[in-house]
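Quick note: the coordinates plus some simple rules give every number you see, no bench work behind them. Just so you know, these numbers come straight off a predicted model, no measurement behind them. Methodologically, a virtual Cβ is constructed for each residue, glycine included, from the backbone with ideal geometry; neighbour enumeration extends over all protein chains shown.
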């Protein structure tokens, strides 16, 4: 091999070699050991119960500590987290920004869940026996568990006991979240959403009327019609007992 070719080979391997040596040197310098860890949860300092997790990163080398390792450790500790952002700041600071997963509603399995009132009579009742199980649903339609007690501030969604409660997004949970978000968007207040199946759901409005919808059809037009109907009645006027929105024209039963 000619001398020029040898030089070319050496020059080709020189930058990676320098990089390896530099990395090893930096990893041994104490100045790059993490001395300050700043943690924020929903724009506030992280509570003290995070301290046992955060102390694991203290004195770790800022170069050898992988961001994904920090994310995995923190999310394993708190399953309610929706976002974890990790920023390294030379020479020895770690910034961790956390955001909690915000529940959109609480799913509660009901035994023998049923709605009496799909006929032309004025009777309307959501029946069933509530269990003591509670699941949370976020805006994306993902089911998740939480260590907190059920919170009455979030809407209650009654689902059959056979509902798929796998901790993930499904077509049914996406439809439920779309219904609730549409009700919010149109300022329709409700006490209970009974999810009987993917083509039948009943909304017990705060005004007392029961709205029947088909979630497999376009949801927004149905909720918009519900808002229009409810807002058209004056104070003191009798509201319909049932508002069936599954057809081209809503069917009102008094």
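When a/c is below 1.5 the answer is rounded, else prolate if a/b is larger than b/c, else oblate, so apply that to segment 25-100 with a ≥ b ≥ c taken from the square roots of the Cα gyration tensor eigenvalues. Kindly include the intermediate steps, with their values, before the conclusion.
Values: a/c = 2.13, a/b = 1.93, b/c = 1.10.
Note, shape of segment 25-100 comes out prolate.
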Self-check item: Contour excess over end-to-end distance, with Cα ends at residue 83 and residue 114 and 0.36 nm allotted per residue
Solution: 7.4 nm
Quiz item: What is the log10 of I(q)/I(0) for segment 105-253, computed with the Debye formula using one identical point scatterer on each Cα and no solvent, at q = 0.15 Å⁻¹?
Solution: -0.74
Exercise. Counting other beta carbons within 10 Å of each Cβ, put 237, 129 in order, fewest first.
Key: 237, 129
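For the chain, what does the helix formula give at 222 nm: sum of -39500 (n - 2.57) over DSSP H segments with n ≥ 4, over the residue count, nearest 500 deg cm²/dmol? Could you put the intermediate results ahead of the total?
Details: 5 runs with 69 residues, N = 254.
My calculation for the chain gives -8500 deg cm²/dmol from helical runs alone.
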Practice problem: Go through (1) 26; (2) 50; (3) 39 and flag the label whose value is the computed percent of Cα pairs over 30 Å apart for this structure. | Solution: (2)
Quiz prompt | Fraction of antiparallel bridges per DSSP, the chain only, in percent to nearest 5 | solution = 70 percent
Quiz prompt | Projected label distance in nm at residue 174 and residue 227, using a 7 Å step from Cα toward the beta-carbon | solution = 2.3 nm
Quiz prompt | segment 25-100 - percent relative contact order, Cα under 8 Å, separation 6 or more | solution = 43 percent
Practice problem: Quote the FRET efficiency, to the nearest 0.05, computed for residue 36 versus residue 144 with a Förster distance R0 of 22 Å and r equal to the Cβ-Cβ distance. | Solution: 0.10
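Please state the relative contact order of segment 105-253 as a whole percent: Cα pairs under 8 Å, 6+ residues apart? Before the final figure, lay out the partial values.
On the way: 284 pairs, mean separation 29.1, N = 149.
Answer for segment 105-253 is 20 percent.
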Quiz item: If each residue's Cβ is checked for other Cβ atoms within 10 Å, how do 223, 235, 37 rank with the fewest at the top?
Solution: 235, 37, 223
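How much length, in nm to one decimal, is gained on full extension between residue 71 and residue 185, taken as 0.36 nm per residue of separation minus their Cα-Cα distance?
Details: separation 114, 0.36 × 114 = 41.04 nm, distance 3.37 nm.
Extending this stretch completely gives an extra 37.7 nm.
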Practice problem: Would you mind computing, in nm to one decimal, how far apart the modelled labels at residue 55 and residue 123 are, each placed 7 Å from Cα along Cα→Cβ? | Solution: 6.4 nm
Quiz item: By how many degrees, between 0 and 90 and to the nearest 10, does the Cα long axis of helix 3-28 differ from the longest principal axis of the chain?
Solution: 60 degrees
Quiz item: Gain in length, residue 217 to residue 241, computed as 0.36 nm per residue apart minus the alpha-carbon separation, to one decimal in nm?
Solution: 6.4 nm
